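Participant: Below is one structure. I have some questions about it.
Every number here is computed from the coordinates shown, using simple stated rules; none is lab data. Quantities reported herein were computed from a predicted structural model and do not represent experimental measurements. Don't worry about glycine lacking a Cβ; one is built from the backbone with ideal geometry, like all the others, and counts go over all protein chains shown.
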Amino acid sequence: MAERVEEKPWRVLEFYSGIGGMRYSLMASGVVAQVVEAFEINDVANDVYQHNFGHRPHQGNIQSLTAGDLDRYSADAWLLSPPCQPYTRQVLTVLWLGLQKHSGDARASSFLKILELIPHTSTPPRMLFVENVVGFETSDTHMEMIDTLTKSDYVTQEFILSPLQFGVPYSRPRYFCLAKRKPLSFQSPHNNNKLLWSPGPLYGRDDQVEFDKCQAEEGSENLLQSCEPVEKFLDLTVVQVNGEPSSFDESENGSRDCDGQEKDDPVSESTLFTLIDSKRCCCFTKSYYRYVKGTGSLLATVQPKVKGKESCLKEQRLRYFTPREVANFHSFPEDFEFPKQISLRQRYAMLGNSLSVAVVAPLLRYLFSSSPVLTVE
Ligand SMILES: C[S@@+](CC[C@H](N)C(=O)[O-])C[C@H]1O[C@@H](n2cnc3c(N)ncnc32)[C@H](O)[C@@H]1O
C-alpha cells in the first residue's frame, strides 16, 4: 500500500455507517486500516453495528459536524454511503413532473455539507470513497460533488459495478466514486475522470472499461455463466413450511391459481422468481418483505414439474430469502448477526440499505493501492 513511509494503519472515517457494510469491505480488502470513527443517525442501525464491531458509532446528524470536529480524527480517508432516495427512479419521475429534487432534497444536503467542509479542514483526507445508486451520476448532487473535489485538488475515477461481475449471482449495480488528493494518483491514471463499467482496472486490466449501459447489461448475461449458483447462498437450516414468516402469502399478494385461472398477478410482472439452482437474483431493497413488487427476488424452492412450463406459485413453494441469505448475497462474513431484539422488517430494511462487500472490497484495495509518480497532465 502506497505513500506510507511507516507501516501505520490508514486512519479512516466511515460516514452513514448503517450496519457496517463499508467496514466489512475495508476488512475484506486487506488494506491496513483502522476505522477511527463511524457516523450514523439511526439508533437501531447503531445497535447492530455495536453488536458486531464492539463500537457504537457517533450518533447524530452528519450535517451538524464541523471542520474542527473532523480535524480531531486526522483521518487519511473518508468512506461515505449517503442515503440514496433523492436519486432513485421514483424521485426522477417527480423531477420529470417539474418538482426540483436531487440536491434540493434534504437527504442530499448532509452529503453536500460534509464535502463542503473539506477545504476548511486543516488536513483534508487523502482519499475519498462514495457509494450510491445508479442515477446518482446524472444528478446535480453529483455535479456539485465533482466540482468540490476538483477544486480541492482531487482526481477521480468512477465505476458502475454489480456483484454479478465478481462471481456473486446477485444483480445490484451501484455507482462508486474513488477520489485521491494530489500528489496521490491512481494506478491507471489514464482512467481519471472516466465512468467505468468494468472491474478490469482494479486488476490492472484495461479491457472494455467504457461500455455503454446496454453493452454492460449484455456482458452481465455472459457473466452469469461464471457466477456461483444461488443454492450456495442459501441458509440450509431454513425449513419451508406453509405459514412460516418467510413464506410468501399468495392470498395477500395475488397469483395464478393452480387450476390455471389468472388472478390479479402483481408479482410476476416485476419480481423474479429465483429457482434454487439458478444463477441470479434481483436487488433486495429496504422494502423487501414489506412489499413484493420490485423489492427483490422470491425463492422458488421446488422446480416446475415440466421444465419451461409455467407452474403455479403454490407448486413452486415460494418463500422470501431470509435476512441471513440476503447478508450472504451481500457477501457479509459468516459471523455477522443481528441482535435478537431487531425485528424481521428492520433486518430487511437495513440490509436493503447496505452494500456488496464483494464489490466494495476490491474497489477499496484499488483506492488504497500504490500509485505511479504523478506527472503533469
Ligand atoms: C445508504 S445507507 C448506508 C448503509 C451502510 N453503508 C451499511 O452498510 O449499512 C444510508 C445511512 O445513512 C443514515 N443517514 C441518513 N442521513 C443521515 C444523516 N444526516 N446523518 C447521519 N446518518 C444519516 C441512514 O440512517 C442510513 O443508515
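Participant: With θ set to phi - 60° and the Karplus curve 6.51 cos²θ - 1.76 cosθ + 1.60, what are the ³J(HN,Hα) couplings of region 284-297 in order, to the nearest whole Hz, using x for Gly and Pro?
Facilitator: Going residue by residue, I get 7, 9, 5, 9, 4, 5, 8, 10, 9, 5, x, 10, x, 6 Hz, with x marking Gly and Pro.
Participant: If I model a spin label at TYR291 and SER343 as a point 7 Å from the Cα along the Cα→Cβ vector, what separation in nanometres do I get?
Facilitator: 1.8
Participant: Order of TYR203, TYR154 from fewest to most other C-beta atoms within 10 Å?
Facilitator: Starting with the residue having the fewest Cβ neighbours, the order is TYR203, TYR154.
Participant: Given LYS180/LYS340; LYS8/LYS232; LYS232/LYS286, which pairs have Cα atoms separated by over 29 Å?
Facilitator: Long pairs (Cα-Cα over 29 Å): LYS180/LYS340; LYS8/LYS232.
Participant: Another question, if that's okay. Fewest Cβ neighbours within 10 Å first, please rank CYS177, CYS227 accordingly.
Facilitator: Lowest to highest Cβ neighbour count: CYS227, CYS177.
Participant: On to the next question. Tell me, what HN-Hα J-couplings in whole Hz come from the Karplus equation 6.51 cos²θ - 1.76 cosθ + 1.60 at θ = phi - 60° for each residue of region 340-349, using x for Gly and Pro?
Facilitator: Values per residue, Gly and Pro as x: 4, 6, 7, 6, 4, 4, 5, 4, 5, 4 Hz.
Participant: Taking neighbour Cβ counts within 10 Å as the exposure measure, how do ILE160, ILE19 sort from fewest upward?
Facilitator: Ordered from fewest to most neighbouring Cβ atoms within 10 Å, ILE160, ILE19 come out as ILE160, ILE19.
Participant: Next question. With θ set to phi - 60°, apply the Karplus curve 6.51 cos²θ - 1.76 cosθ + 1.60 along region 128-140 and write out the HN-Hα couplings as whole Hz, x wherever there is a Gly or Pro.
Facilitator: 3J(HN,Hα) across region 128-140, in whole Hz: 9, 9, 10, 10, 7, 7, 5, x, 4, 5, 10, 8, 6.
Participant: May I pose another question? Roughly speaking, what is the stretch gain from THR148 to GLN59, that is 0.36 nm per residue apart minus the C-alpha to C-alpha distance, in nm to one decimal?
Facilitator: Separation in residues times 0.36 nm, less the Cα-Cα distance, equals 29.4 nm.
Participant: Can I ask one more? Scan around LEU196 for amide H atoms under 5 Å from its own, H built in the peptide plane at 1.01 Å from N, and keep only partners 5 or more places away or cross-chain.
Facilitator: Sorted by chain and number, the residues that satisfy this are GLU158, PHE159, ILE160.
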